Amino acid sequence: MLSILRPIPRQIARTSLRPFRFSSSIYSYPAISRSLATMASTKKTTKRYPLNVPGLSIPAIGLGTWQSSPGEVGKAVEAALRNGYRHIDTAFGYRNEKEVGQGIKASGVPREEIWLTTKLDNPWHKRVREGLEKSLENLGVEYVDLFLVHWPASIDPERQEENEGKGEVYQDWDFVDTWREMQKLVETGKVKAIGVSNFGIKNLERLLDDPSCKIVPAVNQIELHPGNPSPKLIAYNTAKGIHSSGYSPLGSSDSPLYTNDTIKAIAEAKGKTPQQVLLAWGVQKGWSVLPKSVTESRIKANFELDDWELTEEEVKKIDAIPDRFKVCGDDWLPIKVFFGDDE
């Protein structure tokens, strides 16, 4: 979900892809050496968080794949898995599920060792089972560990060209109806858990209060970094037994957090990179993080969080960073989904 390089074309922006603010000068995209094919790795993700589904826990660190360029994401997935990652995050709306699946196969890591998340795209809300089947086909797998409603926006696929390319939502269907259908997937054995993404407190309350809601979402994947810490939303998720998972945990490429004095000082004191400090902050706050890179050295560095931690004082200093920004807004959608109820 990170390392963003170019504006999203209008024909792509109406899917579940998230808008962004920053251009890239820090992250480059060299090809990952094919020597990875001969590498053997026994290192595994050690920290996990239990979910509200009995027996399930999600690895604390995952590889995000949003906006990874064609020809790169598969190699990035392969490299991540060979270097110990066991958590891969993708989405139908990222248009890279097939390549993600190829990377999984090329890694040689058994499918059952990998936590795989994908997401239902906005124009598929009335075709939930079909949407899952399409993602499974793309990925080349028989099941996913976590299937999320990508956005609380049920867009009519026949009206995607309307409203200046934003599309129009159904008049007779919304995310509550979508969740009713999502719940039916659990009994198929093709998903281990279901959840949501980009849901604020207002929409979560509406979902959970509806009589048709029999399964509490296992996960709410939201934008989380010191510039968008969302303490009220995190507290709400936790109170309801919903695990928070953070996309854009570095604040995207060219993030102002990389040059923030507090982050820089802590990184220098620890002998770590600003990116590692940002990821450690998220993990120690209790949510899983999904850094994105296609560069092997950064993929490896982002995973090196197990043998050190931030002090309580350092965590508090990062908590106190006053600057606020969002990588992802909702102005590309035909309806508002963020209501400022997360802070």
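Going 7 Å from the Cα of VAL216 in the Cα-to-Cβ direction, what parts of the stretch 47-68 have a backbone nitrogen less than 17 Å from that spot? Only 49-58 pass the distance filter. Report the FRET efficiency, 1/(1 + (r/R0)^6), for THR273 and LYS98, where r is their Cβ-Cβ distance and R0 is 45 Å, rounded to 0.05. Calculated transfer efficiency: 0.90.
In this Cβ point-charge picture (+1 for Lys and Arg, -1 for Asp and Glu), the stretch 119-260 has a dipole of about 600 debye about its Cα centre. Here the label points at GLU343 and GLU158, each 7 Å from Cα along the C-beta direction, are separated by 4.2 nm in the simple model. Summarising the strand pairing of the stretch 48-188, around 30 percent of its internal DSSP beta bridges are antiparallel.
Label-to-label distance for GLU137 and VAL186 is 2.7 nm, based on points extended 7 Å past Cα in the beta-carbon direction.
Around the Cα centre of the chain, unit charges on the Cβ atoms of Lys, Arg, Asp and Glu (plus for the first two, minus for the last two) sum to a dipole of about 720 debye.
Taken one residue at a time, the phi angles of the stretch 87-102 give Karplus couplings (6.51, -1.76, 1.60, θ = phi - 60°) of 8, 10, 10, 9, 6, 4, x, 7, 6, 9, 4, 4, 6, 4, x, 5 Hz. Gly and Pro are set to x.
Summarising the overall dimensions of the stretch 60-215 from its C-alpha atoms, the Rg and Dmax are 16.1, 47 angstrom. Beta bridges from DSSP with both residues in the chain: antiparallel share about 15 percent, rounded to the nearest 5. Computed with a 1.4 Å probe on the full set of protein chains, the accessible area for LEU146 sits at about 0 Å².
Shape descriptor for the chain: Rg over Rh equals 0.94 (Cα atoms; Rh from the Kirkwood inverse mean 1/r).
Can you compute the FRET efficiency between ARG129 and LYS336 using 1/(1 + (r/R0)^6), with r the Cβ-Cβ distance and R0 = 30 Å? Round to the nearest 0.05. That pair, ARG129 with LYS336, gives E of 0.60.
Computed log10 I(q)/I(0) for the stretch 179-266 at 0.16, 0.20, 0.22 Å⁻¹: -0.70, -0.93, -1.04, from the Debye equation with unit scatterers placed on every C-alpha and solvent omitted. Annotation for the stretch 274-343 versus the stretch 189-253: alpha-carbon center distance of 15 Å.
The values are calculated or read from the model by the stated rules, or taken from the named source; none is laboratory data. Bear in mind that the values here come from a model prediction, so they are computed numbers and not experimental data. Cβ: placed from backbone, ideal geometry, glycine included. Neighbour counts: every protein chain shown. What goes into the accessible areas is simple: the full protein's heavy atoms, side chains included, and nothing from ligands, DNA or RNA. Shrake-Rupley method; radii C 1.70, N 1.55, O 1.52, S 1.80 Å.
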